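Below is one structure, written out as structure tokens, with a few remarks after it.
Read the figures in this text as sums done on the coordinates, not as results from a lab. These figures come from a predicted structure and were not determined experimentally. Every residue, glycine among them, receives a Cβ derived from its backbone with ideal geometry; neighbour counts consider all protein chains shown.
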Amino acid sequence: MFPKLKINLPAIAHNVKEVVSRAEEKGVEVVGVVKGCSAQPEVASVFLQNGFRWIGDSRILNFRRLIEAGIRANFLLLRIPMLTELADVVSMSAATLISEIETIKHLSNIASFANKVYDVIVMVDVGDLREGVLPEDVEAFVKEARLYEGVRIAGVGTNLNCYGAVLPTVENLSLLVDVGEKVKRMVSVEDFVVSAGGTGTLKLLEDGTLPKGVNQLRIGEAVLLGVDTPHQRKVPYLRQDTFSLMAEVVEVKIKPSVPIGEQSVDAFGKLPHFEDRGLRKRAIVAIGRQDVMVDLLYPVDDNIEVLGASSDHTILDVTDVQDDIAVGDIVEFNVGYGAMLLATTSPYVEKEIVKTE
Ligand SMILES: *Cc1c(COP(=O)(O)O)cnc(C)c1O
């Protein structure tokens, strides 16, 4: 069935091993983040078989699916939890990131009732302005948080390169380490975690500039796709041939490059712009915005250009393609993070697991 997403497990295994060996050298534990591929169980298994001991995801539902698929691991919840999901959080994950006392209070009730001590990592906002306690407020936060039974303050963490697109640097991660030292003294935990992420932090690990004291990195994109979007690079020692998307051609015709008639907004409320390039040969593939982020589709044949898409149709310019493209042909694409995310989420995209090369 098409469209089809091929998931190349040996390529992912290679990436896991490379990242694990570089991290181990520096005494850093890597949490393998699977949310980018909607926690495909086969991918999580490859993560665990090749050296990751922690699996990170932002959604409890993904942990539930992994558990149902028989996967046992230390699960770290990456999205600061909703009050309404805390019972599942305690039963299905080993630890969560956290930034609100109110949440700790509820967690405490649930964990105490279950006779458990549940680990939390206090998020510190060092500048990206997504989740986290501001550095100057962390001590007061911890002072209060440590009064709650059933909850152990296992570490501090920060997230970068998400909302504010702030790059991880020696400065902002040193700030995290400093805050971490203070907190560690307050809670006297032996195996105290100082956790950074995501993929952008890998560069610091490679360059040897990751501040000493950071002992955990949460990494998804680099392992899944072999790229480091924050630094706009392919990671040289990682493989990029991990996920590829195949879509089937349903129409091939020569048409003008500018629509004919009075123009309004498209199906998504956007006003499209067209450049007049005369008559062009176009192919429609049966995949659309319901399945994939079309702007992050990269045709393997670089003579193909993605022109646009609606919910179910993606239009390609195939004028410059060497071989003839015909109805029924399959076009292959590499995917960016958002395209992988949607393609793995869409029930309309078949997933084909490639186990050997
Ligand atoms: C998604 C996420 C990560 C992993 O990010 P990548 O860029 O995919 O490596 C790490 N930490 C948190 C909190 C996240 O939400």
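Some notes on this structure:
- Across LYS26/LYS182; LYS26/LYS184; LYS105/LYS184; LYS26/LYS105, pairs whose alpha-carbon gap is larger than 26 Å: LYS26/LYS105
- Net length gained if the chain between ASN303 and GLU171 were fully extended (0.36 nm per residue, minus Cα distance): 43.2 nm
- Residue order, fewest to most beta carbons within 10 Å, for HIS231, HIS106: HIS231, HIS106
- By the rule of a C-alpha distance below 17 Å, with chain neighbours fewer than 8 residues away ignored, the aspartates and glutamates paired with LYS116 are GLU85, ASP88, GLU149.
- Overall Cα dimensions of segment 243-354 - principal axes, largest extent first, Å: 44, 35, 20
- Computed FRET value (nearest 0.05) for GLU25 with VAL187, which takes r as the C-beta separation and R₀ as 25 Å: 0.35
- Table column - 3J(HN,Hα) (Hz), segment 111-117, Karplus curve with 6.51, -1.76, 1.60, x for Gly and Pro: 5, 4, 4, 8, 6, 10, 10
- Among ALA326, ALA11, ALA94, the largest mean-square fluctuation in a Gaussian network model of the chain (Cα springs under 10 Å) belongs to ALA326.
- Across LYS4/LYS270; LYS17/LYS270; LYS143/LYS212; LYS4/LYS212, pairs whose alpha-carbon gap is larger than 32 Å: LYS17/LYS270; LYS4/LYS212
- Residue order, fewest to most surrounding Cβ atoms within 10 angstrom, among THR169, THR344: THR169, THR344
- Between the amide H of LYS351 and those of LEU5, distances stay under 5 Å, these residues lying 5 or more places away or on another chain, with hydrogens modeled in the peptide plane.
- The stretch between ARG72 and ASP137, if pulled fully straight at 0.36 nm per residue, gains 19.8 nm over its current Cα-Cα span.
- Under-5 Å amide H pairs with ARG280, H placed in peptide plane, nonlocal only: LYS255, SER257
- Using the Cβ-Cβ distance between ARG79 and HIS231 with R0 set to 22 Å, the FRET efficiency from 1/(1 + (r/R0)^6) comes to roughly 0.35.
- In order along segment 253-258, phi translates into HN-Hα couplings of 8, 8, 9, x, 8, 10 Hz, rounded to whole numbers, per the Karplus curve 6.51 cos²θ - 1.76 cosθ + 1.60 with θ = phi - 60° and x for Gly and Pro.
- Of the residues TYR337, TYR163, TYR118, the one that moves most in a GNM of the chain with alpha-carbon contacts below 10 Å is TYR163.
- Across segment 9-233, Cα-Cα pairs more than 24 Å apart make up 40 percent of the total.
- Over the chain, dividing the summed -39,500 (n - 2.57) contributions of all DSSP H runs of at least 4 residues by the number of residues returns a 222 nm mean residue ellipticity of -8500 deg cm²/dmol.
- In this structure, the amide hydrogen of VAL133, modeled 1.01 Å from its nitrogen in the peptide plane, lies closer than 5 angstrom to those of MET123, VAL124, ASP125, counting only residues at least 5 positions away or on a different chain.
- The charge dipole of the chain, taken about its Cα centre with unit charges on the Cβ atoms of Lys, Arg (+1), Asp and Glu (-1) only, comes to about 820 debye.
- Here the Karplus curve 6.51 cos²θ - 1.76 cosθ + 1.60, taken at θ = phi - 60°, turns the phi angles of segment 292-301 into couplings of 7, 8, 4, 5, 10, 9, 10, x, 5, 7 Hz, with x standing for Gly and Pro.
- GNM top mover of ALA39, ALA283, ALA267 - the chain, alpha-carbon springs below 10 Å: ALA267
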